[in-house]
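Following: one structure in structure tokens, then a few remarks.
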Amino acid sequence: MSQLEIKDLHISIGDKPIVKGLNLTIKPGQVHAIMGPNGTGKSTLAKAIAGHPDYAITGGDVLLDGQSVLAMEPDERARAGLFLAFQYPSEIPGVSIANFLRAAVQARLAEGEELDATGYYKRLYAKMDLLKIDRKFTSRAVNDGFSGGEKKRCEILQMAMLEPKMALMDETDSGLDIDALRIVAEGVNSIRAAANPPGILLITHYQRLLDYIVPDHVHVMWDGRIVKSGDKSLALELEAKGYDWVKQELAPATA
Amino acid sequence: MAQISTPAPASVVGSFTREAFDAHLARVAHLPPWWLERQRAAYARFAATPMPPRTNEGWRFSNLSTLTLEGFNLPAPVRFDQLAHRELGVTGAGHLVFANNRLVASQPLDASTADAGIIFDTLQNALLKHGDLVKAHLLAQPSKLGSDKFAALHEAFLEDGAFIYVPKGVTATLPVGVFHYASGPGAAVFPHTLVIAEENSKVTVADFFRSDSQPSTLNPQLGERQFAVGGNDLYAGHGAQATYLAMQDWSRETLSFQFNATVARRDAKVLSLNLHAGARQARHESFSQLSAPGAHSEMLALTVAHGAQEFDQRTLQIHQAPNTSSNLLYKNALLDQAKTIFSGLIVVDPDAQKTDAYQSNRNLMLSDEAEANSLPGLEIQANDVRCTHGATSARIDREQEFYLESRGIRAAQAQELLVFGFFEEVLGRIEHQELHDRLTEIIREKFKT
């Protein structure tokens, strides 16, 4: 079980500071939700932690089990146990889900160690059954022509297969109808219920997702910082009062 | 290994002197006089034709300074057991193995296929036993894409090759494989595969071109300097379905020429796929002639260009009859300082109304130092046609690359996956699973070196 510590993190895109001193610790197996209006730096936070090259970390640190990940390449971070569920997963024509996931699993083996193909498919099919994904899915190209719901289910399938220590889920609820949302949430909850569940950082714009994936902690983000933290009732309060409340009540505290 | 430090003046015959030609003729003296006469005439054409001048549009962007004919030889025979041969991988399929222009091993077709009248034999035997068929189809199309000198050299020095004849209405259930090896320093080889698919027949032929060469002392990855001028004639009669695969994997120091000429008759369907992996400089000229209504030709190519390799591809789709279609898709992946040239032309004759022709060259740039050149072209004399062409060059999509890497896949492996994804549009057209796997394997090996 692993812990993620984000310490006084500053992130810029080009010359523009987006995240301005963010602190957050996710203890083993905990689910934290970050909520906030658009443009406040939520997605930037997730992508920068995963190592996206467009985002520059200008200060602070991100520690996974006490080790800084900032000097690592994105693939090293992933093998160290970080997982980013994308808001907009890339479409990769011509690369089947089976081959893609196989490469990802193979990358985690020691050098020279061969993947046990039978065991791999057995595990893949079990996870797919859990997520109610048709087996024909594996021969389709990654996210190519997928509906919004299929893309998000594909992200959860990858998360289930790769068994990360810490998952950053970026607006996993966006673009989903209620049925798709329920299936995706059930998938996440089954991962939470397994032995050694990952810590999860849920980034969301709406409270709706939190009805299905109940967080241990809720944080409100505004202008690159966390301005208020609480339990799941904070999400309901935010839902009732709207983001204008954040702007008027909470923003001045950080000004 | 001989290294040329300063470019020599373009010699007209280089190593392919009159003495070398006479030595070749002495080895094939048992073949029919008409054929030897053609070889003599071809040698005269070769010797009289200058090296391509820089002003020749058919050589635009090509590196002419490295087109030297010096330092090659007609190689001595090698034994089959000296070759690092890999099988076709299709159980029961017939194959012929040539090394240094001679047959060194073969597996005939099984008896039932032979009973159906399919002929799978050497060109020499075909010249002796089926002279009229060979005469009608062997090198029957004139060179039109700029390499007349090298095409003449091929015809002059052609010693042996494969002959595949499928009679009317017969389906060859298994593909046949033809392997061509070049062995030894300076080896010059002239492989040829002639495919005749008669009315309503069906056949798949796979050509493999490989060097059996010692690693170069200067760079172990490059191998020996060799010379290959290969040709393929593919004739598809009325309603025939012919599939032709060519996998070019010569040593990285080889100078290679490869000529494909396809004739598709009424309602014939031809698919050809050229995989280009080997050679230092490889020129490929592919010509499809849609000569009767309903004919269709798919012209596909995949190239993995590494190091300082140059792949020079020239294509011609000629529509001579109404309601014919052709579809060309050439995909190149370029790494390092590699260079590719694609120059394609669609010609539609005045009578060829309702022609549907497509031509596309797509380049995936994996290095800032690589260079892809595209020269698509149309020449349309009919007024009721649909012809489109296009060329694109793009880098790997950074978001796709990040997506793969964010799953723990290392950068090199991510690149390989994206290249295979890029190639899949072409690879996916190969229905035969073993051949599909073999193509994939050659591409994968190229990424390991």
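The values are calculated or read from the model by the stated rules, or taken from the named source; none is laboratory data. Note that the structure is a prediction, hence the values are computed from the model and not measured. We place every Cβ from the backbone using ideal geometry, glycine too, and count neighbours over all the protein chains shown. SASA here: full protein model, heavy atoms, side chains in, ligands and nucleic acids out. Shrake-Rupley method; radii C 1.70, N 1.55, O 1.52, S 1.80 Å.
Specify which of the listed residues (B:Ser297, B:Ser251, B:Ser288) is crowded, with 24+ Cβ neighbours inside 10 Å and over 28 Å from B:Asp121 (Cβ atoms). First the steps, then the outcome.
Values: B:Ser297 fails: over 28 Å from B:Asp121 (Cβ atoms); B:Ser288 fails: over 28 Å from B:Asp121 (Cβ atoms).
On inspection, the qualifying residue turns out to be B:Ser251.
For every residue, the table says whether it meets (1) free of Cβ contacts under 8 Å to residues at least 40 places away in the same chain; (2) not aromatic (Phe, Trp, Tyr).
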| position | (1), (2) |
| --- | --- |
| B:Arg27 | no, yes |
| B:Pro32 | no, yes |
| B:Glu37 | yes, yes |
| B:Tyr43 | no, no |
| B:Arg54 | yes, yes |
| B:Gly58 | no, yes |
| B:Gly71 | no, yes |
| B:Arg79 | yes, yes |
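Here is a list of conditions, (1) aromatic (Phe, Trp, Tyr); (2) more than 14 Å from chain B (Cβ to nearest Cβ); (3) open to solvent by less than 20 Å² (accessible area, probe 1.4 Å), and A:Phe146 meets all of them except one; can you say which number that is?
All conditions pass for A:Phe146, except number (2).
Taking the criterion of being in a loop (DSSP other than H, G, I, E, B) and more than 9 Å from every other protein chain (Cβ to nearest Cβ), would at least one residue in the range B:440-449 satisfy it?
Keep residues of the range B:440-449 that are in a loop (DSSP other than H, G, I, E, B), which gives B:449.
Now drop any that are not more than 9 Å from every other protein chain (Cβ to nearest Cβ), which leaves B:449.
Checked against the condition, which is being in a loop (DSSP other than H, G, I, E, B) and more than 9 Å from every other protein chain (Cβ to nearest Cβ), the range B:440-449 yields at least one hit.
Give the range A:129-141 a look and list any residue that's open to solvent by less than 40 Å² (accessible area, probe 1.4 Å) and more than 26 Å from B:Glu425 (Cβ to Cβ), or say none.
Going residue by residue through the range A:129-141, those that are open to solvent by less than 40 Å² (accessible area, probe 1.4 Å) are A:131, A:133, A:137-138, A:141.
Scanning the range A:129-141 gives a single hit, A:Leu131.
Just checking, how many residues over the range A:47-75 are under 17 Å from B:Gln400 (Cα atoms) and either at the interface with chain B (Cβ under 10 Å from one of its Cβ atoms) or open to solvent by less than 20 Å² (accessible area, probe 1.4 Å) (or both)?
Residues that pass the stated criteria total 10.
For B:Phe420, state whether it is open to solvent by less than 30 Å² (accessible area, probe 1.4 Å), in a helix (DSSP H, G or I), within 22 Å of A:Asp75 (Cβ to Cβ) and in contact with a His (Cβ under 7 Å, 6 or more places away or on another chain). So that I can check it myself, show each step before the final result.
On the way: open to solvent by less than 30 Å² (accessible area, probe 1.4 Å): yes; in a helix (DSSP H, G or I): yes; within 22 Å of A:Asp75 (Cβ to Cβ): yes; in contact with a His (Cβ under 7 Å, 6 or more places away or on another chain): no.
For B:Phe420, the condition - open to solvent by less than 30 Å² (accessible area, probe 1.4 Å), in a helix (DSSP H, G or I), within 22 Å of A:Asp75 (Cβ to Cβ) and in contact with a His (Cβ under 7 Å, 6 or more places away or on another chain) - is not met.
Name the residues in the range B:415-428 that are within 7 Å of another protein chain (Cβ to nearest Cβ) and of a type in the set (Asp, Glu), would you?
B:Glu424, B:Glu425
Pull out all pairs, ordered by first then second residue, where Cβ-Cβ is under 6 Å, the residues are six or more apart or on different chains, the first lies in the range B:392-405 and is more than 7 Å from chain A (Cβ to nearest Cβ), and the second is open to solvent by less than 40 Å² (accessible area, probe 1.4 Å) and assigned to a strand (DSSP E or B).
B:Ser393/B:Asn363; B:Ser393/B:Met365; B:Ser393/B:Ala372; B:Arg395/B:Met365
Given the residues B:Phe163, B:Phe157, which is the only one that is open to solvent by less than 10 Å² (accessible area, probe 1.4 Å) and farther than 25 Å from B:His238 by Cα? It would help to see each step written out before you state the result.
On the way: B:Phe163 fails: farther than 25 Å from B:His238 by Cα.
Within the list B:Phe163, B:Phe157, the selection yields B:Phe157.
Please work out if A:Gly39 is open to solvent by 20 Å² or more (accessible area, probe 1.4 Å), of a type outside the set (A, V, I, L, M) and farther than 26 Å from A:Leu157 by Cα. Steps first, please.
On the way: open to solvent by 20 Å² or more (accessible area, probe 1.4 Å): yes; of a type outside the set (A, V, I, L, M): yes; farther than 26 Å from A:Leu157 by Cα: yes.
For A:Gly39, the condition - open to solvent by 20 Å² or more (accessible area, probe 1.4 Å), of a type outside the set (A, V, I, L, M) and farther than 26 Å from A:Leu157 by Cα - is met.
Look at B:Ser360 and say whether it is part of a strand (DSSP E or B), out of contact with any helix residue (DSSP H, G or I) (no Cβ under 7 Å at 6 or more places or on another chain) and small (Gly, Ala, Ser). Talk me through it step by step, then tell me what you get.
Details: part of a strand (DSSP E or B): yes; out of contact with any helix residue (DSSP H, G or I) (no Cβ under 7 Å at 6 or more places or on another chain): yes; small (Gly, Ala, Ser): yes.
Answer is yes for this residue.
For the structure I just gave you, tell me whether B:Arg444 is open to solvent by 50 Å² or more (accessible area, probe 1.4 Å), within 27 Å of A:Glu76 (Cα to Cα), of a type in the set (Lys, Arg) and in contact (Cβ under 8 Å) with a residue 12 or more places away in the chain.
Numbers: open to solvent by 50 Å² or more (accessible area, probe 1.4 Å): yes; within 27 Å of A:Glu76 (Cα to Cα): yes; of a type in the set (Lys, Arg): yes; in contact (Cβ under 8 Å) with a residue 12 or more places away in the chain: yes.
Here the answer is yes, as B:Arg444 does meet what is asked.
Limited to the range A:100-115, what total is found for residues that are within 8 Å of another protein chain (Cβ to nearest Cβ) and either among the basic types (Lys, Arg) or in a loop (DSSP other than H, G, I, E, B) (or both)?
Residues meeting the conditions: 2.
Could you list, in sequence order, all residues of the range B:235-280 that are touching a Leu at 6+ places or on another chain (Cβ under 6 Å), part of a strand (DSSP E or B) and closer than 24 Å to B:Asp148 by Cα?
Answer for the range B:235-280, where residues must be touching a Leu at 6+ places or on another chain (Cβ under 6 Å), part of a strand (DSSP E or B) and closer than 24 Å to B:Asp148 by Cα: B:Tyr244, B:Leu245, B:Met247, B:Thr262, B:Ala264, B:Leu273, B:Leu275.
Could you tell me whether the range B:371-390 includes any residue that is charged (D, E, K, R), open to solvent by less than 60 Å² (accessible area, probe 1.4 Å) and either outside any loop (DSSP other than H, G, I, E, B) or within 14 Å of another protein chain (Cβ to nearest Cβ) (or both)? It would help to see each step written out before you state the result.
Quick first cut of the range B:371-390, residues charged (D, E, K, R) only: B:371, B:379, B:384, B:386.
When the remaining residues are screened for being open to solvent by less than 60 Å² (accessible area, probe 1.4 Å), the result is none.
No, there is no match, as no residue in the range B:371-390 is charged (D, E, K, R), open to solvent by less than 60 Å² (accessible area, probe 1.4 Å) and either outside any loop (DSSP other than H, G, I, E, B) or within 14 Å of another protein chain (Cβ to nearest Cβ) (or both).
Determine whether the range A:84-99 contains at least one residue that is more than 14 Å from chain B (Cβ to nearest Cβ), open to solvent by 40 Å² or more (accessible area, probe 1.4 Å) and assigned to a loop (DSSP other than H, G, I, E, B).
We begin by selecting, within the range A:84-99, every residue more than 14 Å from chain B (Cβ to nearest Cβ); these are none.
Checked the range A:84-99: no residue is more than 14 Å from chain B (Cβ to nearest Cβ), open to solvent by 40 Å² or more (accessible area, probe 1.4 Å) and assigned to a loop (DSSP other than H, G, I, E, B).
Does any residue in the range B:419-436 that is under 23 Å from B:Gly177 (Cα atoms) come within less than 9 Å, Cβ to Cβ, of a residue that is assigned to a loop (DSSP other than H, G, I, E, B) and of a type in the set (Gly, Ala, Ser) six or more places away or on a different chain, and which pairs are these?
Note: pairs meeting the criteria are B:Glu434/B:Gly89; B:Glu434/B:Ala93; B:Leu435/B:Gly89; B:His436/B:Gly428.
Does the range A:122-132 contain at least one residue that is under 19 Å from the mean Cα position of the chain (by Cα), of a type in the set (Asp, Glu) and either within 14 Å of chain B (Cβ to nearest Cβ) or outside any loop (DSSP other than H, G, I, E, B) (or both)?
Checked the range A:122-132: no residue is under 19 Å from the mean Cα position of the chain (by Cα), of a type in the set (Asp, Glu) and either within 14 Å of chain B (Cβ to nearest Cβ) or outside any loop (DSSP other than H, G, I, E, B) (or both).
Going by the structure shown, is B:Leu103 part of a strand (DSSP E or B), touching an Asp or Glu at 6+ places or on another chain (Cβ under 7 Å) and either of a type in the set (Ser, Thr, Tyr) or within 30 Å of B:Val170 (Cβ to Cβ) (or both)?
Details: part of a strand (DSSP E or B): yes; touching an Asp or Glu at 6+ places or on another chain (Cβ under 7 Å): yes; either of a type in the set (Ser, Thr, Tyr) or within 30 Å of B:Val170 (Cβ to Cβ) (or both): yes.
Criteria met by B:Leu103.
Specify the residue that is farthest from B:Asp207 (Cα to Cα); the eligible residues are those in the range B:78-92 that are surrounded by 13 or more Cβ atoms within 10 Å (Cβ to Cβ) and among the hydrophobic types (A, V, I, L, M, F, W, C). Show your work before the answer.
Of all residues in the range B:78-92, those surrounded by 13 or more Cβ atoms within 10 Å (Cβ to Cβ) come to B:78, B:80, B:82-83, B:85, B:87-90.
The next check asks that each one be among the hydrophobic types (A, V, I, L, M, F, W, C); those that pass are B:78, B:80, B:83, B:88, B:90.
On the way: B:Val78: 20, B:Phe80: 17, B:Leu83: 17, B:Leu88: 10, B:Val90: 14 Å.
Only one residue tops the list, namely B:Val78.
Using the structure shown, decide if B:Ile396 is touching an Asp or Glu at 6+ places or on another chain (Cβ under 7 Å) and open to solvent by less than 50 Å² (accessible area, probe 1.4 Å).
Numbers: touching an Asp or Glu at 6+ places or on another chain (Cβ under 7 Å): no; open to solvent by less than 50 Å² (accessible area, probe 1.4 Å): yes.
No: the conditions fail for B:Ile396.
When the residues of the range A:224-255 are filtered to those that are hydroxyl-bearing (Ser, Thr, Tyr) and part of a helix (DSSP H, G or I), which remaining residue is surrounded by the fewest Cβ atoms within 10 Å (Cβ to Cβ)? Break it down into steps so the answer makes sense when it comes.
First, pick out the residues of the range A:224-255 that are hydroxyl-bearing (Ser, Thr, Tyr): A:229, A:233, A:243, A:254.
Cutting the leftovers down to part of a helix (DSSP H, G or I) gives us A:233, A:243, A:254.
Working: A:Ser233: 9, A:Tyr243: 18, A:Thr254: 13.
My answer is A:Ser233.
Test B:Ser211 against the criterion of being in contact with a Gly (Cβ under 7 Å, 6 or more places away or on another chain) and either of a type in the set (S, T, N, Q) or at positive phi (or both), and give yes or no.
On the way: in contact with a Gly (Cβ under 7 Å, 6 or more places away or on another chain): yes; either of a type in the set (S, T, N, Q) or at positive phi (or both): yes.
The answer is yes for B:Ser211.
Is it true that B:Ala412 is surrounded by fewer than 17 Cβ atoms within 10 Å (Cβ to Cβ), in a strand (DSSP E or B) and within 14 Å of chain A (Cβ to nearest Cβ)? Give the derivation first.
Numbers: surrounded by fewer than 17 Cβ atoms within 10 Å (Cβ to Cβ): yes; in a strand (DSSP E or B): no; within 14 Å of chain A (Cβ to nearest Cβ): yes.
The answer is no for B:Ala412.
Residues that are within 23 Å of A:Gly21 (Cβ to Cβ) and within 14 Å of chain B (Cβ to nearest Cβ): find the strands (runs of 3 or more DSSP E) completely inside the range A:150-223 holding 1 or more of those.
Working: elements: A:166-170, A:199-204, A:217-222.
In the range A:150-223, the matching strands (runs of 3 or more DSSP E) lie at A:166-170.
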